[in-house]
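Below: one structure in structure tokens.
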């Protein structure tokens with residue numbers, strides 16, 4: 001009964017039911033979007049230059 005009350009509370013606040021298949025599609029799309037954003041960010045960063053030994057010793 002408690003689970004039913006929780007579901008009722010969630011749905012009355014505007015939650016939508018989504019099938020498992022639709023959820024998988026949404027997750028795949030979101031994952032793809034995040035991968036694309038991540039690649040764009042990586043391409044925009046300048047490559048790191050390795051430090052020489054004297055600099056490393058000073059650290």
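Could you list, ordered by first residue, the pairs with Cβ atoms under 8 Å in which the first is in region 1-21 and without any contact (Cβ under 8 Å) to a residue 24 or more places away in the chain and the second is surrounded by 10 or more Cβ atoms within 10 Å (Cβ to Cβ), at least 6 apart or interchain?
That search, which allows pairs on different chains as well, returns 17/11; 18/26.
Considering only the chain, give the helices (runs of 4 or more DSSP H) lying wholly within it that have at least 2 residues that are exposed (fewer than 10 other Cβ atoms within 10 Å of the Cβ) and over 24 Å from the mean Cα position of the chain (by Cα).
2-12, 53-58
Laboratory data are not the source of any read-out in this text; all were calculated from the coordinates shown. Quick caveat, the model's predicted, so the values are computed rather than measured. Cβ: placed from backbone, ideal geometry, glycine included. Neighbour counts: every protein chain shown.
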